[in-house]
């Protein structure tokens, strides 16, 4: 018996689902990981950018009240997310996108990857081994400049 169900959610509903998981308990970390490993390709570039921007600006909104001089809201890892929040922001950051060409057994392939901890990741648990990397091309989203709010630090704790 297959216990999986199909549900149709629009981008706004997916945003609420993500927000709830990022604010919730460790039991929701698996859903965050699904955003990285299973659902990333389901979204358009604009939808991925929206999810990332909303996450940094709205999910971490409690930082807006910080009294520190020249403080900007930014991403801070949350222990209840078991590291999957870190994977999410690295995967969805519009400026952290790379086209990695690999060669393995004389077969060349191109992969859309994200940089995290000095390694190019295809998924949260799949990295491109350096010995097989032929080239790396930085492919940031060209629309990203228009979306950024000047009072938010989107790169802190994400861009290396």
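The values are calculated or read from the model by the stated rules, or taken from the named source; none is laboratory data. These numbers were taken from a predicted model, which means no experiment stands behind them. Note that each Cβ is placed from the backbone with ideal geometry, even for glycine, and that neighbours are counted across all protein chains shown.
In table form, for the structure just shown:
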quantity: In region 143-155, the residues that are within 25 Å of residue 121 (Cα to Cα) and out of contact with any helix residue (DSSP H, G or I) (no Cβ under 9 Å at 6 or more places or on another chain); calculated: 145, 155
quantity: Boolean, residue 78 is touching a residue at least 12 places away in the same chain (Cβ under 8 Å), assigned by TED's automatic domain parsing to the domain that holds residue 41 and either within 27 Å of residue 26 (Cβ to Cβ) or surrounded by 15 or more Cβ atoms within 10 Å (Cβ to Cβ) (or both); calculated: yes
quantity: Total residues in region 140-160, condition surrounded by 15 or more Cβ atoms within 10 Å (Cβ to Cβ) and in contact with a strand residue (DSSP E or B) (Cβ under 8 Å, 6 or more places away or on another chain); calculated: 1
quantity: Enumeration of residues in region 104-125 that are surrounded by 12 or more Cβ atoms within 10 Å (Cβ to Cβ) and under 29 Å from residue 77 (Cβ atoms); calculated: 111, 112, 113, 114, 115, 116, 119, 120, 121, 122, 123, 124
quantity: Number of positions in region 123-138 that are in a strand (DSSP E or B), under 14 Å from residue 37 (Cα atoms) and touching a residue at least 12 places away in the same chain (Cβ under 8 Å); calculated: 1
quantity: Answer residue from region 51-75, given it is closer than 13 Å to residue 157 by Cβ and at pLDDT 85 or above and is surrounded by the fewest Cβ atoms within 10 Å (Cβ to Cβ) among those; calculated: 74
quantity: Residue match in region 82-103 (condition: assigned to a helix (DSSP H, G or I) and surrounded by fewer than 19 Cβ atoms within 10 Å (Cβ to Cβ)); calculated: no
